[in-house]
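K.L.:
Dropping a structure here in structure tokens format, bear with me for questions.
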Amino acid sequence: MDHEKPAACVLDASTYVGFWILKGLLNRGYTVHAAIQIKGSETDIVKKIKEMERVEERLSVFSVDTLDYHSILVALKGCSALFCCLDCPDGYDDLIVDFEVRGAINVVEACAQTDSMQKIVFTSSLTAAIWRENICSQTDVDERCWSDQDFCRKMKLWYALAKTLSEQAAWALAMDRMLNMVSVNAGLVVGPAVAQQNPCSTMSYLKGAAEMFENGVLAVVDVKFLADVHIRAFEDSSTIGRYFCFNQIVHTEEEAVKLVETLSPLLSSQPKYECQGSEAYAERLRTKKLNKLVEGTA
């Protein structure tokens, strides 16, 4: 308990999830390399991180470009963990999908070239697992499931496609380079000021929300809990593979209304769900692995 905590890199620390992982790591005594991508004017989160750097000696800020492999190497130098939280702050289209996949590949390859690296914790999404034709035909949706790429393209589910392809690319390269990696597949992230600080990713996740709701796969996760799960996934040496991460499945009209209120003003009115007389929909998502991780490290 007395030995110094290893250094960890959070990339991109300027994302909503990345920022909360950064805060969690600092609170647990880690030295943190905050790797941030600055596109255009600085966001409130970037400004906050730079303010924190001035008073927190265990925090160092690095500017990176995920398409610039060497900038990633500089940020990773001396780190034992990478928390990879790639997200596009301006929303998703077919071009952004390719950008995020290439970025994920560069980040994992840079980890392979960093001698001190022990584990990658890769932030992914439940949308990388839930989308396919006839979702309702599958009783259990768990970590073995992947979204169908062709279906995502057909329905223009660019966020889901980006998360699916980038996670698959990261897994393929991590296995090829024999890297220790786990992924955390998060539900819709909610938390303090999420509507103001994470609007585009939130709305991108919610494309197809009615179908997710009706098929029992619309789930939400509190950002503080999500950050804690990421850190536990690094600290627990037994973690392996993918971990679905959510606090609640939204499966009733009442819960849907509460979600709309939580995300106000992004969602100004209740979505029009085709309920067909049902008061609640069957929950299909399973979190046996997450429960074991949380209970085992409590």
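The values are calculated or read from the model by the stated rules, or taken from the named source; none is laboratory data. The model shown is predicted, which means the values in this text are computed figures rather than measured ones. Counting neighbours? That spans all protein chains shown, and the Cβs are built from the backbone with ideal geometry, glycine included. Remember, those area values only see protein heavy atoms, side chains included, never the ligands or the DNA or RNA. Shrake-Rupley method; radii C 1.70, N 1.55, O 1.52, S 1.80 Å.
K.L.:
Which count do you get for residues in the stretch 62-79 that are assigned to a loop (DSSP other than H, G, I, E, B), open to solvent by 50 Å² or more (accessible area, probe 1.4 Å) and closer than 15 Å to Gln37 by Cβ?
P.N.:
3
K.L.:
Just a yes or no: is a residue in the stretch 24-36 aliphatic (A, V, I, L, M) and open to solvent by 20 Å² or more (accessible area, probe 1.4 Å)?
P.N.:
no
K.L.:
Pick from the stretch 80-95 the residues that are within 16 Å of the chain's Cα centre (by Cα) and either β-branched (Val, Ile, Thr) or closer than 20 Å to Gln149 by Cβ (or both): which of them is surrounded by the fewest Cβ atoms within 10 Å (Cβ to Cβ)?
P.N.:
Gly91
K.L.:
For residues that are touching a helix residue (DSSP H, G or I) at 6+ places or on another chain (Cβ under 9 Å) and in a helix (DSSP H, G or I), scanning just the stretch 185-202, find the one that is nearest to Gln118 (Cα to Cα).
P.N.:
By that ranking, first place goes to Ser201.
K.L.:
Further question: Can you tell me which residue in the stretch 192-205 is nearest to Val223 (Cα to Cα), limited to those that are open to solvent by 20 Å² or more (accessible area, probe 1.4 Å) and in contact with a Leu (Cβ under 8 Å, 6 or more places away or on another chain)?
P.N.:
Pro199
K.L.:
A further question on this structure: Filter the stretch 245-265 down to the residues that are open to solvent by 70 Å² or more (accessible area, probe 1.4 Å), not in a loop (DSSP other than H, G, I, E, B) and not hydroxyl-bearing (Ser, Thr, Tyr) and list them by number.
P.N.:
Gln248, Glu254, Lys258, Glu261
K.L.:
Let me ask something else. Would you confirm, using the coordinates I've provided, whether Ala186 is among the small types (Gly, Ala, Ser) and either under 30 Å from Lys48 (Cβ atoms) or touching a Phe, Trp or Tyr at 6+ places or on another chain (Cβ under 8 Å) (or both)?
P.N.:
yes
K.L.:
Another question, if that's okay. Tell me whether the stretch 164-183 contains one or more residues that are in contact (Cβ under 8 Å) with a residue 40 or more places away in the chain, touching a Cys at 6+ places or on another chain (Cβ under 9 Å), under 26 Å from Pro265 (Cα atoms) and crowded, with 16+ Cβ neighbours inside 10 Å.
P.N.:
no
K.L.:
Looking at Ala128, is it open to solvent by less than 30 Å² (accessible area, probe 1.4 Å), in contact with a Phe, Trp or Tyr (Cβ under 9 Å, 6 or more places away or on another chain) and closer than 17 Å to Gln37 by Cβ?
P.N.:
no
K.L.:
Could you give me the residue pairs with C-beta distances under 9 Å whose first residue belongs to the stretch 34-56 and is under 11 Å from Pro89 (Cβ atoms), whose second residue is among the hydroxyl-bearing types (Ser, Thr, Tyr) and part of a helix (DSSP H, G or I) wherever it lies, and which are 6+ apart or on separate chains?
P.N.:
Sorted first by the residue in the stretch 34-56, then by its partner, the pairs are Ile45/Tyr16.
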